[in-house]
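Chemist: Please see the structure below; I have some questions.
The values are calculated or read from the model by the stated rules, or taken from the named source; none is laboratory data. Treat the numbers as computed from the prediction; the structure is a model and nothing was measured. With ideal geometry, Cβ positions are generated from the backbone for all residues, glycine too; neighbour counts draw on all protein chains shown. Accessible surface is based on the protein model in full, side chains and every heavy atom, while ligands, DNA and RNA are left aside. Shrake-Rupley method; radii C 1.70, N 1.55, O 1.52, S 1.80 Å.
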Amino acid sequence: MAASDEEMLRAVESYLSGRGDPVRLVAPGTAELSRRPLLGFRIERRFEERGKAGPRSMPGKKLRQISKRPTYTDLATHVVPVPPGFAPSPPVELVLAGSVAEVPCTGCKGGKQGCGSCGGHGRQDCVQKVTCTGCGGGSGSGGRGGGKGGPETCLSCGGSRTAGGPRNRPPSRTAVGQRVQCARCGSHNAACPRCAGRRTMDCPACDGTGLRPCDSCGGSKNVAHEECKGTGFFTTWTEAVITHPVTSDRERDPAPVHLWWPTYRRGAWRDTPLRDVTDKLPADLEDTHRARVEPHLARKQGEVRRRVALRHLPLARVTVNSDADWVYFAFPDRSEADAIKVVRRPSRPQVVRLAGIVSAAVVIGVLVTVLVVQAIG
């Protein structure tokens, strides 16, 4: 049972007597006591939720794969194991017994459909001529040229048809092969072996015909049907999903910052296991805490498992009418049975007064420093 108000006051009396200040606090008008109990409550629930069954499909022939999944006949009565603990768990995917089938795809023929890029022709338009990759169109830049002609195109005319040098030259080579007769000025051993001085060449993609194989279908006129992944089939079945989500609720009245360490280190916290909805709350739980905790304990629809942690610590705040500078806090001490631990803290007026003294001391220190600096300077 929780210590009574009188026991709390007598513990403060003993504390003060130990400090050489004996006083009787149980007498009327000598002290004020108020209850400030601490509370830590957390409830975790795991639910079972059964989704409505519905049709599912997957591209391809997956009859063997889908048939390996667990099956059900009556979703309402089908039993699945509840996952252990309260960590997130994957959904349970169930297949209605006898519902798996492989059906042909209605949007294609054998997994193929006409290519949309070329309209089913297998070819698409292409340029017939491209800048020569041997002389760069005469720019001398290895294929990136500007097409104005130059010695890389023809040593005699540069691709301009007007020879400016000997028409019969000794054999010579370029980076791409032996020079040939120029098709523009007729000079021998003078022109680029790839374009013969023309500065352009047939497009290698279409061989100069103006039509090349379609980039999408490669000339086959058909492409794989995306929806069925080119298989020409779908696997269909009826699926239901059972999930086990977890929720958490809590109520807290934590210790103030100035009492956290003593209550954590010395407080005799009362831990109460609550494993079932019929378990009772501890008799010494404060009424205010009982009113906050009890609504959480009712079983909810779909709940299949719960875990409850309840811990509380009776705490009393005591002020002595003859000493307004200090406030005393009393709580059960875990060091021995029925022992009560008492700690004291400065009251709010005392804190304000001490803060004023410290501030004044800081101001005086600053003024003294300024005066010293001025005197030295």
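Chemist: Would a scan of segment 275-289 turn up a residue that is surrounded by 11 or more Cβ atoms within 10 Å (Cβ to Cβ), assigned to a strand (DSSP E or B) and in contact with a Pro (Cβ under 8 Å, 6 or more places away or on another chain)? Show your work before the answer.
Modeler: As a first pass, look at segment 275-289 and keep what is surrounded by 11 or more Cβ atoms within 10 Å (Cβ to Cβ): 277, 279, 281-282, 284-286, 288-289.
With the extra rule that they be assigned to a strand (DSSP E or B), the set shrinks to none.
Looking for residues that are surrounded by 11 or more Cβ atoms within 10 Å (Cβ to Cβ), assigned to a strand (DSSP E or B) and in contact with a Pro (Cβ under 8 Å, 6 or more places away or on another chain), one finds none in segment 275-289, hence no.
Chemist: So SER99 clears everything in (1) under 38 Å from the mean Cα position of the chain (by Cα); (2) surrounded by fewer than 15 Cβ atoms within 10 Å (Cβ to Cβ); (3) in a loop (DSSP other than H, G, I, E, B) except one condition, right? Which one?
Modeler: So the condition that SER99 fails would be (2).
Chemist: Mind listing whichever residues of segment 309-318 are farther than 17 Å from ARG270 by Cα and open to solvent by 60 Å² or more (accessible area, probe 1.4 Å)?
Modeler: Kept after step one, since they are farther than 17 Å from ARG270 by Cα, are these residues of segment 309-318: 317-318.
Listed by number, the list holds a single entry, ARG317.
Chemist: Here is a follow-up. Just the residues that are hydroxyl-bearing (Ser, Thr, Tyr) and over 20 Å from CYS228 (Cα atoms), please, taken from segment 70-111.
Modeler: Step one: list which residues in segment 70-111 are hydroxyl-bearing (Ser, Thr, Tyr), which gives 71-73, 77, 89, 99, 106.
Scanning segment 70-111 gives THR71, TYR72, THR73, THR77, SER89.
Chemist: Taking into account only those residues within segment 339-349 that are touching a residue at least 24 places away in the same chain (Cβ under 8 Å) and open to solvent by 30 Å² or more (accessible area, probe 1.4 Å), which is farthest from ALA3 (Cα to Cα)?
Modeler: PRO349
Chemist: Moving on to the next point. State which residue pairs qualify: first residue open to solvent by less than 70 Å² (accessible area, probe 1.4 Å) and inside segment 144-168, second residue aliphatic (A, V, I, L, M) and at pLDDT below 80 in any location, beta carbons under 7 Å apart, and separation of 6 or more residues or different chains.
Modeler: SER156/ALA163; CYS157/ALA163
Chemist: Just for segment 328-359: of the residues that are modelled with pLDDT of 80 or more and of a type in the set (A, V, I, L, M, F, W, C), which one is farthest from ALA316 (Cα to Cα)?
Modeler: This residue is ALA337.
Chemist: Among the residues of segment 1-24, which ones are farther than 17 Å from ALA268 by Cα and either without any contact (Cβ under 8 Å) to a residue 40 or more places away in the chain or assigned to a loop (DSSP other than H, G, I, E, B) (or both)?
Modeler: Selection gives GLU6, ARG10, GLU13, SER17, GLY18, ARG19, GLY20, ASP21, PRO22, VAL23, ARG24.
Chemist: Related question: Which residue is nearest to the chain's Cα centre (by Cα), if the candidates are limited to segment 72-96 and must be closer than 22 Å to PRO59 by Cα and among the hydrophobic types (A, V, I, L, M, F, W, C)?
Modeler: VAL92
Chemist: In this structure, is ARG24 charged (D, E, K, R), open to solvent by 30 Å² or more (accessible area, probe 1.4 Å), closer than 14 Å to TYR328 by Cα and at pLDDT below 95? If you could, list the steps in order and put the result at the bottom.
Modeler: Working: charged (D, E, K, R): yes; open to solvent by 30 Å² or more (accessible area, probe 1.4 Å): yes; closer than 14 Å to TYR328 by Cα: no; at pLDDT below 95: yes.
It is false that ARG24 is charged (D, E, K, R), open to solvent by 30 Å² or more (accessible area, probe 1.4 Å), closer than 14 Å to TYR328 by Cα and at pLDDT below 95.
Chemist: Please go through segment 25-45 and pick out each residue that is over 30 Å from ALA298 (Cβ atoms), in a strand (DSSP E or B) and not acidic (Asp, Glu). Full working, then the answer.
Modeler: Going residue by residue through segment 25-45, those that are over 30 Å from ALA298 (Cβ atoms) are 25-34.
Next, from what is left, pick out any that are in a strand (DSSP E or B): 31-34.
ALA31, LEU33, SER34, listed by residue number.
Chemist: Can I ask one more? May I ask you to list the residues in segment 194-242 that are among the hydroxyl-bearing types (Ser, Thr, Tyr) and within 30 Å of GLU49 (Cβ to Cβ)?
Modeler: Of segment 194-242, the ones among the hydroxyl-bearing types (Ser, Thr, Tyr) are 200, 209, 216, 220, 231, 235-236, 238.
Residues satisfying the conditions are THR235, THR236, THR238.
Chemist: Continuing with the same structure: Among the listed residues ARG306, ARG299, ARG270, identify the single one that is open to solvent by 50 Å² or more (accessible area, probe 1.4 Å) and either within 30 Å of ILE242 (Cβ to Cβ) or among the aromatic types (Phe, Trp, Tyr) (or both). First the steps, then the outcome.
Modeler: Values: ARG306 fails: open to solvent by 50 Å² or more (accessible area, probe 1.4 Å); ARG270 fails: either within 30 Å of ILE242 (Cβ to Cβ) or among the aromatic types (Phe, Trp, Tyr) (or both).
The match here is ARG299.
Chemist: I've got another one for you. For segment 262-276, name all the residues that are over 14 Å from ALA309 (Cα atoms) and under 35 Å from the mean Cα position of the chain (by Cα).
Modeler: Keep residues of segment 262-276 that are over 14 Å from ALA309 (Cα atoms), which gives 262-268.
Result: TYR264, single match.
Chemist: Follow-up question, since we're still on this one. Check PHE47 against each of (1) open to solvent by 60 Å² or more (accessible area, probe 1.4 Å); (2) within 29 Å of THR247 (Cα to Cα); (3) touching a Lys or Arg at 6+ places or on another chain (Cβ under 9 Å) and name the one condition it does not meet.
Modeler: Result: PHE47 fails condition (1) only.
Chemist: If you don't mind, another one. What pairs come out if I take residues in segment 262-281 that are under 29 Å from TYR328 (Cα atoms) and in contact (Cβ under 8 Å) with a residue 40 or more places away in the chain and pair them with residues that are open to solvent by less than 60 Å² (accessible area, probe 1.4 Å) and aromatic (Phe, Trp, Tyr) whose C-beta lies under 7 Å away, six or more apart or interchain?
Modeler: Going by the 7 Å Cβ cut-off, the qualifying pairs are THR263/PHE331; GLY267/PHE331.
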